[in-house]
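Student: Sending over a structure as structure tokens; questions will come in a sec.
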Amino acid sequence: MPTPDMRRAMAEAELGDDVFGEDPTINRLEQRAAELMGKEAAVFVASGTMGNLLGVLSLAHAGQEVIADADSHLFVSEGAGAAALGGVQVRQVPTAAGVMAAEQVRGAVRPTNDYHAPLTAAICVEDTHNRHGGVCWPLEALSAVRAVADEYGLAVHMDGARIFNAAVAQGVAPHEIASIADTVTFCISKGLGAPVGSVLCGSAEVIDRARRWRKAVGGGWREAGVLAAAGLWALDHMVDRLVDDHANARTLAEGLAELPGVSIDLSRVQTNIVRFELADMSASDFLAGCRERRVFGGGSGRAVRFVTHFGVEAADVQRALTACTEVLSAS
Ligand SMILES: Cc1ncc(COP(=O)(O)O)c(C=O)c1O
């Protein structure tokens with residue numbers, strides 16, 4: 001949720017018509033985002049999904065393929081947008097924790113001398129990895145993927161929806177993580193607390209193509225500087241505090257690990273996401289019990305996801321653990 005100060009910044013934002021490049025606040029956000037990610041240019045978009053869509057469509061053509069891990073948000077949760085709108089298919093690589101090994105990626109690149117095969121255009125990496133519990137890609141693993149991309153002349157798109165969580169957890173600047181990518185998208189919503197928006201960054205040429213696609217999918221907006229102002233405010237005030245979310249996630253995970261019927265891999269709790277499995281209860285029953293106690297999460301089957309974020313304090317984590325204990329003991 002936006003903070004009162006963020007709302008104030010939104011109310012006071014200087015505005016213009018962004019379709020004509022005339023919204024000064026959006027221009028400032030795009031410039032700031034490009035600098036933070038170490039890229040030439042950036043485009044402000046409505047969502048992480050739109051950032052990924054525009055990234056992929058700007059790097060790959062109809063009939064081509066992009067390689068992504070099988071649990072990537074791009075493949076699982078974005079309505080097959082790249083296929084539906086751009087004719088680009090995703091080649092899925094199964095992984096243990098969302099981090100594709102260079103050998104796996106190399107094995108997924110299609111041969112260029114076989115007319116049966118689609119041509120591979122790009123590799124997509126997700127950092128941090130949502131469905132694998134907020135895991136960060138080790139920087140060496142990212143470099144290894146970049147090396148494969150260079151070997152085959154491929155582009156790299158990074159779904160950095162939570163790249164600031166990765167940067168804070170790994171103690172590096174976001175541009176160090178993004179340096180291996182041709183395009184990177186990050187969300188100002190999610191952990192940074194802005195109400196809406198993501199930014200796609202890359203070379204001036206690729207971002208120009210992305211702007212064309214953004215318009216085509218109805219994402220050319222007008223005085224959206226009110227939203228960009230929230231993003232600028234978030235970049236100034238909400239990044240450093242992500243350590244608190246990570247500490248809270250760790251406390252929550254360690255508390256959950258003590259509860260009977262909960263199975264959790266603590267090594268994956270590296271940022272602000274806590275995923276775990278229930279032995280004796282469905283996620284929907286468990287979450288309904290939690291909801292009655294005003295603790296909110298998501299999940300399906302027996303898998304549950306909790307996320308820590310601005311507004312969730314250490315005391316709330318203890319309250320959540322009490323709620324989980326009650327719900328599990330009532331089952
Ligand atoms: C890794 C990742 N990428 C992209 C998205 C999409 O973001 P949005 O919900 O803003 O479309 C999400 C959303 O949860 C995500 O977790």
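Student: Given a Förster radius of 35 Å and the C-beta distance between V76 and S329 as r, what FRET efficiency does 1/(1 + (r/R0)^6) yield to the nearest 0.05?
Tutor: 0.60
Student: Separate question: With springs connecting C-alpha atoms under 10 Å apart, model the chain as a Gaussian network and identify which of A247, A11, A161 has the largest mean-square fluctuation.
Tutor: Of the options given, A11 has the highest mean-square fluctuation.
Student: Rank these residues by their accessible area, most exposed first, probe 1.4 Å: H309, H132, H116.
Tutor: The ordering from most to least exposed comes out as H116, H309, H132.
Student: Normalise the Cα radius of gyration of the stretch 221-296 by 2.2 N^0.38 Å (N = residues in it) and let me know the number.
Tutor: Here the answer is 1.52, to two decimals.
Student: For E65, E78, E326, give the ranking by accessible area with the largest first, probe 1.4 Å.
Tutor: Values: E65 5, E78 25, E326 80 Å².
Largest accessible area first, the residues go E326, E78, E65.
Student: May I pose another question? So what's Rg/Rh here for the stretch 62-195, counting alpha carbon atoms and using the Kirkwood radius for Rh? Mind dumping the intermediate values first?
Tutor: On the way: Rg = 14.5 Å, Rh = 15.0 Å.
Expressed as Rg/Rh, it is 0.96.
Student: While we're here: If eta is 1.002 mPa s and T is 20 °C, what Stokes-Einstein diffusion coefficient results for the stretch 130-183, Kirkwood Rh from Cα pairs, in µm²/s?
Tutor: In µm²/s, the coefficient rounds to 185.
Student: Measuring from a point 7 Å past the Cα of T3 along Cα-to-C-beta, which residues in the stretch 312-331 have an amide N at less than 17 Å?
Tutor: Hits in the stretch 312-331 for T3 at 17 Å: 312-314.
Student: Using only protein heavy atoms and a 1.4 Å probe, report how much of E140 is accessible, in Å² to the nearest 10.
Tutor: Rounded to the nearest 10, the figure is 130 Å².
Student: Rounded, prolate or oblate, given the Cα gyration tensor of the stretch 201-243, with a/c below 1.5 counting as rounded?
Tutor: The shape class here is oblate.
Student: Once you keep just the Cα pairs under 8 angstrom separated by 6 or more residues, what percentage relative contact order results for the chain?
Tutor: After rounding, I find 21 percent.
Student: If you don't mind, there's one more thing I want to ask. Taking only Cα atoms and a 10 Å spring cutoff, compute GNM fluctuations for the chain and point out the largest among L259, L154, L59.
Tutor: Maximum among the listed residues: L259.
Student: Related question: With a ≥ b ≥ c taken as the square roots of the eigenvalues of the C-alpha gyration tensor of the chain, please select rounded if a/c is under 1.5 and otherwise prolate if a/b is larger than b/c or oblate if it is not?
Tutor: oblate
Student: Distance between the C-alpha centers of the stretch 283-304 and the stretch 166-221? Whole Å please.
Tutor: Using only Cα atoms to place each centre, the spacing works out to 31 Å.
Student: Turning to a different aspect of this structure: Per DSSP H run of n ≥ 4, the term is -39500 (n - 2.57); total these for the chain, divide by its residue number, and report the mean residue ellipticity at 222 nm rounded to 500 deg cm²/dmol.
Tutor: On the way: 14 runs with 146 residues, N = 331.
Taking each H run of at least 4 residues, the total per residue is -13000 deg cm²/dmol.
Student: With every protein chain kept in the model, how would you rank T25, T322 by accessible area, 1.4 Å probe, largest at the top?
Tutor: T322, T25
Student: Which loop-located GluC sites (Glu not before Pro) does the stretch 184-288 contain, where loop means any DSSP state but H, G, I, E or B and the Cβ has at most 13 other Cβ atoms within 10 Å?
Tutor: Qualifying residues, ordered by number: E258.
Student: Additional query: Among the trypsin sites (Lys or Arg not before Pro) within the stretch 17-48, which fall in a DSSP loop and have no more than 13 other Cβ atoms within 10 Å of their own Cβ?
Tutor: none
Student: What do you get for trypsin sites (Lys or Arg not before Pro) in the stretch 131-224 restricted to DSSP loop and a cutoff of at most 15 other Cβ within 10 Å of the site's Cβ? Don't skip to the answer; put the middle values down first.
Tutor: Values: sites: R131, R146, R162, K190, R209, R211, R212, R214, K215, R222; in loops: R131, R162, R222.
Counting only loop positions with at most 15 other Cβ atoms within 10 Å, the trypsin sites (Lys or Arg not before Pro) in the stretch 131-224 are R222.
The values are calculated or read from the model by the stated rules, or taken from the named source; none is laboratory data. From a predicted model like this one, the values you see are computed outputs, not experimental measurements. Cβ sites come from the backbone with ideal geometry, for glycine too, and all protein chains shown count toward neighbours. Just the protein is used for accessible areas: all its heavy atoms, side chains included, with ligands, DNA and RNA removed. Shrake-Rupley method; radii C 1.70, N 1.55, O 1.52, S 1.80 Å.
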